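The values are calculated or read from the model by the stated rules, or taken from the named source; none is laboratory data. Remember, predicted model here, so these are calculated numbers, not experimental data. Using ideal geometry, Cβ is built from the backbone for each residue, glycine included, and neighbour counts are taken over all protein chains shown. With ligands, DNA and RNA removed, areas are computed over all heavy atoms of the protein, side chains included. Shrake-Rupley method; radii C 1.70, N 1.55, O 1.52, S 1.80 Å.
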Amino acid sequence: AAAAAPTTQPTTDEEDEEDEDDEDDEEEGPADGASLVAEIVASLTTNADVHARISDELDDGETPLDDGGPDFDWHQYALECMGGPWPENAGTWLADLKRSCETAPDDHGNSRRPDIPAVNVLRINSKQRLADAIVMEHLILDFFDGLSGDQQATLVRAAATVGIPLSQFIDRARRSVNGQPLRLIVQGGAGRGKTHANKIRTRLCLRLFGDRRSALNLAPTGAASVLMFNGQTIHSIAAPPRLAKDDFCATDYQIGAAVLEAHRRRFGDAHRKILKLLNLDERSMTQKDLIACLGLAFKEVFGDMDEFLAHVPAFVWDGDLGQLGPFGQEDLHVAPPHHAGPLRLMGYEFYRSIEDVVVLTKIMRQDPTERRFVEFLDRHRLGRLTEDDWKFVNSRDESRLRREAPEYMAAFDAKPKTTLHEIWREAHRGNRESFRKTGNPVARVVSLIWGGPCCRKVDDAVGQILPVSFFCREVPKMLGKNAIVEMLLNNGAQGKAVAILYDKGHGPPDLPIAVVVDMPTYRGPPWILDHPTWIPFAPVMGECAKRCCKRLGLPVMPADNIVIHKAQGMGIGEGHPTEACRISFGDSPSMEDRCLGLSYTAYSRATKVDAFVLARTVPFERFMRPNHHKAMPARREEDARLRELSRRTLRKYAHLDSPAAFIEIIQIVDFLANDGINDAECACEGECRCLRDAAFLEAHLHEADEDDEDDEDQLPQQPPPRIR
């Protein structure tokens with residue numbers, strides 16, 4: 001909503017607010033209605049002092065931004081940016097579209113046919129292959145068991161005529177699955193290919209069941225969810241209760257009648273389960289009470305109170321415990337304190353109950369030829385940094401590179417890039433500098449605030465709406481609040497600013513009709529036919545967690561400078577939307593103390609070492625802080641525990657751990673889906689690098705053994721004690 005926080009609050013408070021925003025991600029539409037307008041108008045007098053303080057404090061002594069001057073015609077400027085008049089429904093189009101999506105009748109026809117991820121399923125390494133083979137074994141068995149006896153017999157005979165051993169596969173799967181739903185953890189450091197494996201299993205599931213509702217991809221934050229296929233936040237499915245007390249009882253949790261009805265249309269009910277595969281990403285950031293609420297929500301949806309996720313056939317939990325942990329709580333693998341409420345205990349018990357684990361070990365994002373960079377990331381992840389690592393990273397200092405490699409920096413500056421900061425305050429300052437460089441006028445829009453004491457803090461984000469929004473044409477924008485997640489308009493989605501719409505005689509600091517942003521990921525009906533990805537975002541309502549104050553403001557913020565939390569899950573480098581990044585660390589290690597994994601997350605976004613530079617040299621104490629963090633020993637122990645479970649899982653599913661077994665699974669999916677797609681055949685363009693290539697296949701046969709040897713090298717000499 002806004003991109004200019006003042007500097008009156010401590011650093012820790014500002015970061016707290018950002019994380020709270022990610023957690024409070026319930027979807028809310030634009031405010032309308034005469035009573036609400038009257039309430040706003042009546043409140044403005046009492047909040048005049050708040051607006052005055054915002055106006056004074058947000059400048060923070062910096063050079064004022066160019067707003068075009070007092071006589072600037074913002075209506076005429078909007079016409080120029082839009083290329084002419086805009087549709088009259090700019091202020092209501094998105095809200096109307098959202099309501100039509102929510103009230104649309106359930107349709108089991110062609111509209112349910114899924115879009116599928118565009119991915120070559122045969123380009124996969126040994127551990128990715130095993131994880132997805134385990135998932136698909138469960139899903140194929142679930143599909144087969146959902147058919148009548150006559151249908152099963154017909155399929156078996158038809159499969160035999162084309163040489164597919166469906167009957168033998170089903171018999172083997174029954175012995176392996178043993179009637180239990182799959183609960184699988186996929187663990188791997190940054191760049192190990194977790195997202196790629198997720199796309200493959202999502203594609204195969206959607207093809208198998210032929211329904212876009214059969215697979216659901218969730219993440220704890222909007223920034224992480226946009227990187228998944230049709231991803232959305234956990235909060236949009238199962239928002240945790242606001243201000244839940246420690247004695248909050250699990251039976252008190254309810255998702256509401258309207259939401260329950262919508263979920264049952266989408267996922268099924270006690271008589272028909274449509275949802276088959278639930279993928280959850282960024283495990284390290286997931287709070288215990290959040291995963292508990294997700295489990296309770298599905299219990300209510302399916303009317304099945306016997307199993308945590310109501311016997312959803314396959315649940316896969318991706319993540320890297322070396323990255324950022326959950327906000328405001330201990331790491332997921334650490335037992336909650338004795339005074340914690342039942343939701344946190346429930347989430348912890350569910351996590352500890354999962355025994356099927358696959359650890360991905362092969363580097364997929366970082367260039368394997370850059371061994372020095374890869375080894376540095378591996379040491380950083382578990383707190384084994386050295387002085388040589390410190391020197392290596394500081395060789396990326398921007399001022400040094402501009403002196404020693406001006407040609408390289410000239411090419412670097414020309415790339416699409418972003419700057420990663422530890423705190424929002426610094427990100428806001430960077431965005432103001434980006435505004436100045438464009439030479440375009442900057443609109444500073446003040447949100448409407450009324451209600452309780454929360455609005456008296458000028459830098460508070462109320463319901464993800466900040467007090468002041470800055471708009472500048474051509475500057476990248478990020479959606480800070482869910483709009484329509486099914487159409488990829490969710491928290492964290494990025495685009496480029498097009499226009500800010502005002503009627504004649506109006507302009508900043510008043511709220512506009514809407515801001516228009518070009519959202520390239522948008523998948524839905526167009527607002528303007530000639531520009532199908534232009535979306536008008538009207539002011540929306542935000543409410544604080546205590547529900548004592550409200551704010552009406554814009555739901556988008558600049559994205560040239562963002563905090564590291566917002567970047568978790570991103571890949572930065574050649575072939576990605578963002579090809580380069582600057583990383584700005586402060587001199588103090590206080591943010592690493594509060595958020596272990598912060599610096600590791602920042603460095604590991606880069607696909608190559610030359611994809612990032614440091615805004616300034618990192619002090620030695622700040623760089624080495626992960627080695628001495630109090631939470632690091634528990635992370636090392638948990639990493640060793642997951643590796644041991646991974647070895648057990650490999651033995652349990654040894655019948656699936658071969659290229660031939662995986663190709664057989666894909667052939668079965670091709671046969672059962674009968675959709676004209678043949679994933680079992682090579683789809684490589686140019687040189688073949690998939691399981692159908694003899695040389696690649698030969699390397700694959702030895703890859704698993706090499707990975708296991710690497711695992712052994714990284715384990716401690718003595719097995720760690722089980723976490724209490």
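For this structure, a couple of remarks:
- Inter-centroid distance (Cα atoms) of region 259-286 relative to region 197-242, Å: 9 Å
- Under 20 Å of direct C-alpha separation, and excluding same-chain neighbours fewer than eight residues apart, K299 reaches these lysines: K273, K276, K288.
- In sequence order, region 426-433 has phi-based couplings of 5, 5, 4, 4, x, 5, 4, 5 Hz under the Karplus curve 6.51 cos²θ - 1.76 cosθ + 1.60, θ = phi - 60°, and Gly or Pro positions carry x.
- For region 658-679 versus region 396-420, the inter-centroid distance based on Cα atoms is 46 Å.
- Centroid-to-centroid, using Cα positions, region 298-360 and region 130-185 are 27 Å apart.
- If you sort the three axes of the alpha carbon gyration tensor as a ≥ b ≥ c, you get a/c of 1.5 or more for region 565-694 and a/b no higher than b/c, which makes it oblate.
- Carbon/sulfur fraction of accessible area - region 319-394, other protein chains in place, 1.4 Å, %: 53 percent
- Shape of region 532-626, Cα gyration tensor, a/c cut at 1.5: oblate
- Which listed pairs, of K127/K417; K630/K652; K199/K630; K437/K550; K415/K437; K199/K415, have C-alpha distances above 24 Å, in listed order: K127/K417; K630/K652; K199/K630; K437/K550; K199/K415
- Peptides 261-274, 310-323 ordered by average Cβ neighbours within 10 Å, highest first: 310-323, 261-274
- Straight-line cross-link partners of K391 among the lysines, defined as a Cα under 19 Å from its Cα and at least 8 positions apart when in the same chain: K608.
- Region 183-243, accessible surface, carbon-and-sulfur percent (1.4 angstrom probe): 50 percent
- Protection proxy ranking of 67-74, 422-429, by the mean of other Cβ atoms within 10 Å over each peptide's residues and highest first, is 422-429, 67-74.
- For region 592-654, the square roots a ≥ b ≥ c of the C-alpha gyration tensor eigenvalues yield an a/c of 1.5 or more together with a/b not exceeding b/c, which makes the shape oblate.
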